[in-house]
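Engineer: Encoded as structure tokens, here's the structure I'll be asking about.
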Amino acid sequence: MRMRRLVSVLLMLGLALVMFKGLASASETPDPSGANTGNASDLGLKDPAAPTLQEVADAVGHAKVSINFTWVLICGFLVMFMQAGFALVEVGFTRAKNAAHTMTMNVMVYAIGMLAFWACGFALQMGGVGALGTLGGDAMLNKEFTVNIAGHAFGLFGMKGFFLSGQSLSVGIMAMFLFQMVFMDTTVTIPTGALAERWKFKSFILLSICIGAIIYPIFANWVWGGGWISQLGKNFGLGHGGVDFAGSSVVHLCGGVIAFVCCRSLGARIGKYNKDGSVNAIPGHHIPMALLGTVILAFGWFGFNAGSTLAGTDLRMSIVAVNTMLASAAGAATGMGYYWWRYGKPDPSMMANGMLAGLVAITAPCGFVTAPGAVIIGAIAGVLVVVSCLFVEKKLKIDDPVGAISVHGVNGAFGVVAVGLFADGTYGDGWNGVPGTVRGLFYGGGASQLYAQLVTVAANLVWVGLATAACWFLIGKLVKGHRVSKDVELEGLDMDEMGVKGYPEFQLGGGGGGHAAAVAVEAEPVSAPVTARAAEPAT
């Protein structure tokens, strides 16, 4: 075996020498087109004719980092495209009279959240993370604010990188900023669907700033930026600390908790609940649009999860991608099947939310579980989202037009816990500075990792819940209430809030809802469904 490895190494070195000698020769030949402006010195070779072993190693190392850069940036572009998916899902699941308002929130949340994250959010999240290993080893983000309790250091937030000043020439930090920014953008987008059809645009802008600048970055620092949750393993022996491969807690649970707190305060849409507490359906105006958005989200999710290797040279990416695909399929199938079994119809909205729930749930454990484990996680998520949507709507009396609380909040928490249950111990050696691989309860790892995951969920609920409540209260004082007037809500938010209709050439009515349609919904209870969007057959 050793001899075979030695032969392989020698062959690779020989191939590298031939390649570099060929490149050096090519660089000495003038290019008539002028297109070839490179030369052997670009490869760091002092003597192209006889490169040293160190020079070859340096060149190979540079190529490896370049591959990682390309991978991270391309995956970041994919995650950015998920914004289109969120926009289509939310607009499709809401009414036509609010289409321009809902779509505008989904476009502007990208710009507003990004600027807030650039100004201070990125620094709070990553300012103390240390060396960016896969992206060239840049260690300029090296200042974490910590407090010492009982002899243990608790990292709370970063202190370098504000406005990206001082790091403008660091290509590694720029790549990391782009990738982390689009993840933050996903979080700040989630509440726009839950609060749609009655939320003031001014309130939306200010809350988006708060999420991008403070709420999201602080928790992200605790898990991904070297903060205290990531150190639970080193400080207290809880597994590898809080483990979240791609954001079930950092991204989705954050967004779900924000949506829950704000929805509970904002109240239901007019006509959603009758005086006796019974529920009326308010169908979305464009189900095909919502389903197309779901497919776009599933596509972008490959960048979300596989990109979180932060290395195009980490071949675990194929396992991550397949696990992501399998969980989404299982979630869609069980979401459809459970609803069909319970209510007699395979509701398209629950198929979509089942797929998204599977994706959310697999996001934290995608790098640590087997393919059967991914299917099980996705299947549970598909049922869980249906049960949760019904519970939130019927029992808690919270009106969430797109099911964001259940998709992102409930299944975000489940995904985090799933790491402590299903991690199979084949990956993650040295994760968060703890020797050994990540192993869950079902694979002989004991309950240690599970405890760390539960602490992660609890910390999220406390910090994000309290911070959101405080920001929501202050914003309400500034804009004199978060909710549009009754007349504006009945007429539709497009003209009053945006100054333009989403569908100006059509006479809105029925499910699309102009003023008369909305009044009819308010006055005459609909004896049908009680899900977020679809009908439950009368018994």
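Engineer: In region 127-142, what residues are within 21 Å of the chain's Cα centre (by Cα) and closer than 14 Å to Gly166 by Cβ?
Structural biologist: Gly127 - this is the single residue of region 127-142 that is within 21 Å of the chain's Cα centre (by Cα) and closer than 14 Å to Gly166 by Cβ.
Engineer: Give the residues of region 352-378 that are surrounded by fewer than 24 Cβ atoms within 10 Å (Cβ to Cβ) and either under 15 Å from the mean Cα position of the chain (by Cα) or of a type in the set (A, V, I, L, M) (or both), sorted by residue number.
Structural biologist: The answer is Ala371, Val375, Ile376.
Engineer: Another question about this same structure. Only one of Val457, Val410 is more than 21 Å from Ala352 (Cβ to Cβ), of a type in the set (A, V, I, L, M), within 17 Å of the chain's Cα centre (by Cα) and part of a helix (DSSP H, G or I); which?
Structural biologist: Within the list Val457, Val410, the selection yields Val457.
Engineer: Scan region 202-221 for residues that are closer than 11 Å to Gln125 by Cβ and over 16 Å from the mean Cα position of the chain (by Cα) and report the count.
Structural biologist: Of the residues in region 202-221, 2 are closer than 11 Å to Gln125 by Cβ and over 16 Å from the mean Cα position of the chain (by Cα).
Engineer: I would also like to ask the following. From the list Met176, Met105, Met181, pick out the single residue that is at pLDDT 95 or above, closer than 30 Å to Met495 by Cα and either of a type in the set (A, V, I, L, M, F, W, C) or assigned to a loop (DSSP other than H, G, I, E, B) (or both).
Structural biologist: Met105 is the lone residue from the list that is at pLDDT 95 or above, closer than 30 Å to Met495 by Cα and either of a type in the set (A, V, I, L, M, F, W, C) or assigned to a loop (DSSP other than H, G, I, E, B) (or both).
Engineer: Further, regarding this structure: Pick from Ser328, Ser349, Ser406: which is of a type in the set (Ser, Thr, Tyr), within 22 Å of Ala423 (Cα to Cα) and either crowded, with 24+ Cβ neighbours inside 10 Å or at pLDDT 95 or above (or both)?
Structural biologist: Testing whether each residue is of a type in the set (Ser, Thr, Tyr), within 22 Å of Ala423 (Cα to Cα) and either crowded, with 24+ Cβ neighbours inside 10 Å or at pLDDT 95 or above (or both) leaves just Ser328.
Engineer: Here's another thing I want to ask about it. Under 9 Å between Cβ atoms, at least 6 apart or on separate chains: pull out the pairs that start in region 64-78 with a residue that is in a helix (DSSP H, G or I) and end on any residue that is charged (D, E, K, R) and surrounded by 15 or more Cβ atoms within 10 Å (Cβ to Cβ).
Structural biologist: These pairs meet every condition: Asn68/Asp314; Trp71/Asp314.
Engineer: When you go through (1) part of a helix (DSSP H, G or I); (2) aliphatic (A, V, I, L, M); (3) touching a helix residue (DSSP H, G or I) at 6+ places or on another chain (Cβ under 7 Å) one by one for Val387, which number turns out not to apply?
Structural biologist: Only one criterion in (1) part of a helix (DSSP H, G or I); (2) aliphatic (A, V, I, L, M); (3) touching a helix residue (DSSP H, G or I) at 6+ places or on another chain (Cβ under 7 Å) is unmet by Val387, namely (3).
Engineer: Got a sec? Which of Pro435, Pro401 is crowded, with 20+ Cβ neighbours inside 10 Å and in a loop (DSSP other than H, G, I, E, B)?
Structural biologist: It is Pro401.
Engineer: Looking at (1) in contact (Cβ under 8 Å) with a residue 40 or more places away in the chain; (2) under 30 Å from Leu135 (Cβ atoms); (3) more than 18 Å from the chain's Cα centre (by Cα); (4) in a helix (DSSP H, G or I), which one does Ala333 not meet, given that it meets all the others?
Structural biologist: The failed condition is (2).
Engineer: In a loop (DSSP other than H, G, I, E, B) and either under 23 Å from the mean Cα position of the chain (by Cα) or not hydrophobic (A, V, I, L, M, F, W, C) (or both): is that true of Gly476 in this structure?
Structural biologist: Spelling it out, it is not the case that Gly476 is in a loop (DSSP other than H, G, I, E, B) and either under 23 Å from the mean Cα position of the chain (by Cα) or not hydrophobic (A, V, I, L, M, F, W, C) (or both).
Engineer: Among the numbered criteria (1) among the hydrophobic types (A, V, I, L, M, F, W, C); (2) within 21 Å of Lys200 (Cα to Cα); (3) free of Cβ contacts under 8 Å to residues at least 40 places away in the same chain, which single criterion is violated by Leu466?
Structural biologist: Status for Leu466: all satisfied but (2).
Engineer: Mind listing whichever residues of region 184-206 are under 22 Å from Ile270 (Cβ atoms) and either part of a helix (DSSP H, G or I) or among the aliphatic types (A, V, I, L, M) (or both)?
Structural biologist: The answer is Pro191, Thr192, Gly193, Ala194, Leu195, Ala196, Phe201, Lys202, Ser203, Phe204.
Engineer: Within the set of pairs 6+ apart or on separate chains, which have a first residue in region 238-259 that is closer than 27 Å to Gly193 by Cβ and modelled with pLDDT of 95 or more, a second that is hydroxyl-bearing (Ser, Thr, Tyr) and surrounded by fewer than 24 Cβ atoms within 10 Å (Cβ to Cβ), and C-beta atoms under 6 Å apart?
Structural biologist: Note: pairs meeting the criteria are Ile258/Thr468.
Engineer: Only one residue in Ala63, Ala119 is over 17 Å from the mean Cα position of the chain (by Cα) and at pLDDT 95 or above. Which one?
Structural biologist: None of the other options fit; the residue is Ala119.
Engineer: Looking at region 145-176 only, could you name the residues that are buried (at least 21 other Cβ atoms within 10 Å of the Cβ) and either within 24 Å of the chain's Cα centre (by Cα) or under 30 Å from Val484 (Cβ atoms) (or both)?
Structural biologist: Phe157, Gly158, Gly161, Gly172, Ile173, Ala175, Met176
Engineer: Follow-up. Tell me which residues, restricted to region 140-183, are on the phi < 0 side of the Ramachandran plot, without any contact (Cβ under 8 Å) to a residue 40 or more places away in the chain and aliphatic (A, V, I, L, M).
Structural biologist: Scanning region 140-183 gives Met140, Leu141, Val147, Ile149, Met159, Leu169, Met174.
The values are calculated or read from the model by the stated rules, or taken from the named source; none is laboratory data. Only a predicted model underlies this, so the values are computations on that prediction, with no experimental measurement involved. Heads up, the Cβs are rebuilt from the backbone with ideal geometry, glycines too, and the neighbour counts pull from every protein chain shown.
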